[in-house]
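Each reported figure results from applying straightforward, stated rules to the coordinates on display, with no laboratory input. What you see is a predicted model; the values in this text were computed from it and never measured. When we count neighbours, we look across all protein chains shown, and the Cβ atoms used for this are built from the backbone with ideal geometry, even at glycine.
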Ligand code: SF4
């Protein structure tokens, strides 16, 4: 079986995204993805962030620079 190859273009894009958004896997105070306007739950696992600059899977305890309070 051949070794899987890293898609360098996608890897670099992911690194840019993390740098741009300061995305992290832990909350800041009470601010977390699960309480963010852009957090779209798929089920109980990872969710989808629909912020225009992210558009990626995230976890409920994650946080990024674009965090925004929900309207509720
Ligand atoms: S904008 Fe940031 S804090 Fe909000 S859901 Fe997306 S990754 Fe999480």
Before rounding to the nearest 500, sum -39500 (n - 2.57) across all DSSP H runs of length at least 4 in the chain and divide by the residue total; then give [θ] at 222 nm in deg cm²/dmol. -6500 deg cm²/dmol
Quick one: if the Förster radius is 35 Å, what FRET efficiency do residue 30 and residue 1 give, using the C-beta to C-beta distance and rounding to 0.05? 0.15
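Under the 0.36 nm per residue contour assumption, what length would be gained going from the current alpha-carbon distance of residue 52 and residue 9 to full extension?
On the way: separation 43, 0.36 × 43 = 15.48 nm, distance 1.96 nm.
Between residue 52 and residue 9, full extension yields an extra 13.5 nm.
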How far is helix 8-21 tilted off the main Cα axis of the chain, in degrees rounded to 10, range 0 to 90? 20 degrees
Mean Cα-pair separation over length for the stretch 25-72, i.e. relative contact order, pairs under 8 Å, 6 or more apart, %: 45 percent
